[in-house]
Amino acid sequence: MKIAIAYNRESRSVINLFGMPNKETIGLKTIKRISDALRAGGHQVIAVEGDKDLVNRLEEFMPRVVKGERPGMVFNVSYGIQGQARYTHVPGILEMVGVPYVGSGPLAHSLSLDKVVTKMILQQNDLPTPQFHVLDTPDGALPELEYPMIVKPKNEAVSFGLKVVQDEAELRQAASVIFEEYGQSVLVEQYIEGREVNVGLLGNGPPEALPPVELVFGDGPAIYTYEDKKGTSGRRISHRCPAAIGDALNERARELAIRAFTVLGCADCARVDMRLDDEGNLYILEVNSLPSLGEHGSYLVGAQHIGLDFAAVVNRLVEEASARYFGTPEPP
């Protein structure tokens, strides 16, 4: 099959640059690893930036199919270039021009990227999530929650702007930084003391929940910061898989992850991040509809525990998407 990897890294090929810029980028090493894995799976592969030239590039690579032929596919790892709900931009374009793709659709990405909407949907479906409050202005009314609280931008990922605050002064200061740097509302959550557990999902109807992965923080705060993810914090976060929380809680985490994936309408893959308090209660923090395929990410740690190396995960995702679009036999 012809597969185009759609990503965002350096291109600013748009008609105008304005609005909310995307701060996320994907590593060249990851793009190459995906390309190599797909070629090893027998596919013909190109990698293209998800900008205004995307449609032309795809049309050259995978022209309109003749009746009875199967079209090519996009392996979507695009974060978008600018604007709101940026994860939705490339999937929306692909749906408009009729190109199948790996991963969730625009609606699921939009719901998942908006942390407040995600939490409202979780609450409506009796899925546990920390109590929260939204600050729409820097001087807005403060939440009636106990300190410590955790502050984060409403529509960002990769722990951008994440901070644990201990009092009103710290909360106001952290919120002002988010308003200034990200230009969006602030989500204030009750901070859950305890352990962090991530559950990857793979497949559809229902998805398979990978073994829960516990993040082991070592020294410093027990939160996964942007600096941790980029390797600039001075500490190394390790993973324990399966999470050392007992069989019952591991199974409970998987069940919650599948339900969250389903109610948000995700497809093919996602990662659900949770906290476990000292009383054994799990709380869903967020749903990542575009889980990192970076070399040391928890999604791949969970997959490896069931015998799926990187190439197997990548090609399994193509099989899952093919089953959705073309009705091919379900992947093993």
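The values are calculated or read from the model by the stated rules, or taken from the named source; none is laboratory data. Predicted, not measured: the structure shown is a model, and the values here were computed from it. Note: ideal-geometry Cβ built from the backbone for every residue, glycine included; neighbour counts use all protein chains shown. Just so you know, the surface numbers come from the protein's heavy atoms only, side chains and all, with ligands and any DNA or RNA stripped out. Shrake-Rupley method; radii C 1.70, N 1.55, O 1.52, S 1.80 Å.
crowded, with 16+ Cβ neighbours inside 10 Å and β-branched (Val, Ile, Thr) - does that describe any residue in the stretch 21-30?
Within the stretch 21-30 (the criterion being crowded, with 16+ Cβ neighbours inside 10 Å and β-branched (Val, Ile, Thr)), the answer is yes, since at least one residue qualifies.
If I go through the stretch 113-126 residue by residue, how many of them are in contact with a Phe, Trp or Tyr (Cβ under 8 Å, 6 or more places away or on another chain) and within 16 Å of Phe261 (Cβ to Cβ)?
Of the residues in the stretch 113-126, 2 are in contact with a Phe, Trp or Tyr (Cβ under 8 Å, 6 or more places away or on another chain) and within 16 Å of Phe261 (Cβ to Cβ).
Does the stretch 59-81 contain any residue that is closer than 25 Å to Ala157 by Cβ, in a helix (DSSP H, G or I) and not hydroxyl-bearing (Ser, Thr, Tyr)?
Within the stretch 59-81, not a single residue is closer than 25 Å to Ala157 by Cβ, in a helix (DSSP H, G or I) and not hydroxyl-bearing (Ser, Thr, Tyr).
Taking the stretch 205-239, which residues are touching a helix residue (DSSP H, G or I) at 6+ places or on another chain (Cβ under 9 Å), closer than 23 Å to Gly161 by Cα and open to solvent by 60 Å² or more (accessible area, probe 1.4 Å)?
Thr232, Gly234, Arg236
Quick check on the stretch 250-258. Is at least one of its residues within 17 Å of Pro207 (Cβ to Cβ) and without any contact (Cβ under 8 Å) to a residue 12 or more places away in the chain?
Yes: the stretch 250-258 contains one or more residues that are within 17 Å of Pro207 (Cβ to Cβ) and without any contact (Cβ under 8 Å) to a residue 12 or more places away in the chain.
Hey, any hits in the stretch 240-259 for a residue that's out of contact with any Asp or Glu (no Cβ under 9 Å at 6 or more places or on another chain), within 22 Å of Thr88 (Cβ to Cβ) and open to solvent by 40 Å² or more (accessible area, probe 1.4 Å)?
no
Applying the selection to the stretch 161-182, what residues are in contact (Cβ under 8 Å) with a residue 40 or more places away in the chain and over 21 Å from the mean Cα position of the chain (by Cα)?
Hits for the stretch 161-182 are Val164, Ala175, Phe179.
For the stretch 260-290, give me each residue that is open to solvent by 10 Å² or more (accessible area, probe 1.4 Å) and at positive phi.
The answer is Gly265, Gly280.
Being within 17 Å of the chain's Cα centre (by Cα) and in contact (Cβ under 8 Å) with a residue 12 or more places away in the chain is the filter here; which residues of the stretch 196-210 pass it?
If the condition is that a residue be within 17 Å of the chain's Cα centre (by Cα) and in contact (Cβ under 8 Å) with a residue 12 or more places away in the chain, then Glu196, Val197, Asn198, Val199, Gly200, Leu201, Leu202, Gly203, Asn204, Pro207, Ala209, Leu210 are the ones that fit.
Can you tell me which residues in the stretch 129-143 are surrounded by fewer than 16 Cβ atoms within 10 Å (Cβ to Cβ) and of a type in the set (Val, Ile, Thr)?
Val134, Thr137
Out of the residues in the stretch 41-94 that are among the β-branched types (Val, Ile, Thr) and open to solvent by 40 Å² or more (accessible area, probe 1.4 Å), which is nearest to Leu111 (Cα to Cα)?
Among residues in the stretch 41-94 that are among the β-branched types (Val, Ile, Thr) and open to solvent by 40 Å² or more (accessible area, probe 1.4 Å), the one nearest to Leu111 (Cα to Cα) is Ile93.
Going through the stretch 273-297 one residue at a time, which ones are in a loop (DSSP other than H, G, I, E, B) and either without any contact (Cβ under 8 Å) to a residue 60 or more places away in the chain or under 30 Å from Leu28 (Cα atoms) (or both)?
Glu279, Gly280, Ser289, Leu290, Pro291, Ser292, Leu293, Gly294, Glu295, His296, Gly297
Could you list, in sequence order, the residues of the stretch 104-128 that are in a loop (DSSP other than H, G, I, E, B), open to solvent by 10 Å² or more (accessible area, probe 1.4 Å) and either under 25 Å from Val55 (Cβ atoms) or hydroxyl-bearing (Ser, Thr, Tyr) (or both)?
Gly105
Picking from Glu146, Glu189, which residue would you name as being in contact (Cβ under 8 Å) with a residue 40 or more places away in the chain, among the charged types (D, E, K, R) and open to solvent by less than 10 Å² (accessible area, probe 1.4 Å)?
Glu189
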